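Report on one structure; see the data block that follows.
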Amino acid sequence: MEPQASSPLSLNSFVVQEHVGMFKAANNFDMYDPATGALVLECREEKLGGFTKLLRFTDYKRMTPFHIEIREPGGETVIEIKRGVSFLLSNVEVFDGSGALLGSFKQKFLSIGGKFDVFSAEGEVLCSLKGKWTGWDFSFGIDGVEFGHVSKKWSGFGKELFTSADNYMLQINPSLEADHPLRRLIIAAVMCIDMVLKE
């Protein structure tokens, strides 16, 4: 079990639960600490225009802009994720709670299984997301080092939180310091996997 963290961003494991519904236009998620079952982060897409909402129910969904805010429950925003209209390849920007650029994601052209690179604010490649849709299994890494892993398979603490197929586990390498920008970028990227790669 992980020690009590001063900030949810310093946790190394999260259960991510997507809000589902027949007529769901916005991307909304809750993130839980699997060791305690406590809600630690809320991910909301509340600044969604009417026209964009309509397009979310069409074949143009992958091209629509998004603006997702990740915040502590009832508290301040800690991460913002923004993308404009996307025609071919997504370019997503990530900001901290004060509006400072943390980095970005850029989709790889004609990648098999889904891939995008994670860049620092200075444009340096920090890691790449690679995965396979068959098992909904994705890894964040570079040069053989894995910084994070997303999967629908989990058998440790918090497995009772897996009440539907729309839940999955994010694990972050404990070697990443609590205030390392890559932590926020990985959490942000998990919110975008469906929008950027699959839909």
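The values are calculated or read from the model by the stated rules, or taken from the named source; none is laboratory data. Quantities reported herein were computed from a predicted structural model and do not represent experimental measurements. With ideal geometry, Cβ positions are generated from the backbone for all residues, glycine too; neighbour counts draw on all protein chains shown. Calculation scope for accessible area: heavy atoms of the full protein, side chains included, ligands and nucleic acids excluded. Shrake-Rupley method; radii C 1.70, N 1.55, O 1.52, S 1.80 Å.
Exactly one of these conditions fails for K153: (1) open to solvent by 70 Å² or more (accessible area, probe 1.4 Å); (2) closer than 21 Å to V78 by Cα; (3) modelled with pLDDT under 75. Give me its number.
(2)
Considering every residue within the stretch 158-166, establish whether at least one is touching an Asp or Glu at 6+ places or on another chain (Cβ under 8 Å), under 19 Å from D33 (Cβ atoms) and at pLDDT 90 or above.
Taking every residue of the stretch 158-166 in turn, none turns out to be touching an Asp or Glu at 6+ places or on another chain (Cβ under 8 Å), under 19 Å from D33 (Cβ atoms) and at pLDDT 90 or above.
So which residues in the stretch 131-150 are within 18 Å of the chain's Cα centre (by Cα) and modelled with pLDDT under 85?
G131, K132, W133, G135, W136, D137
For S111, state whether it is touching a strand residue (DSSP E or B) at 6+ places or on another chain (Cβ under 6 Å) and either modelled with pLDDT under 70 or at negative phi (or both).
No: the conditions fail for S111.
Here are some residues: I193, I186. Which one is in a helix (DSSP H, G or I) and either modelled with pLDDT of 90 or more or among the aromatic types (F, W, Y) (or both)?
I186
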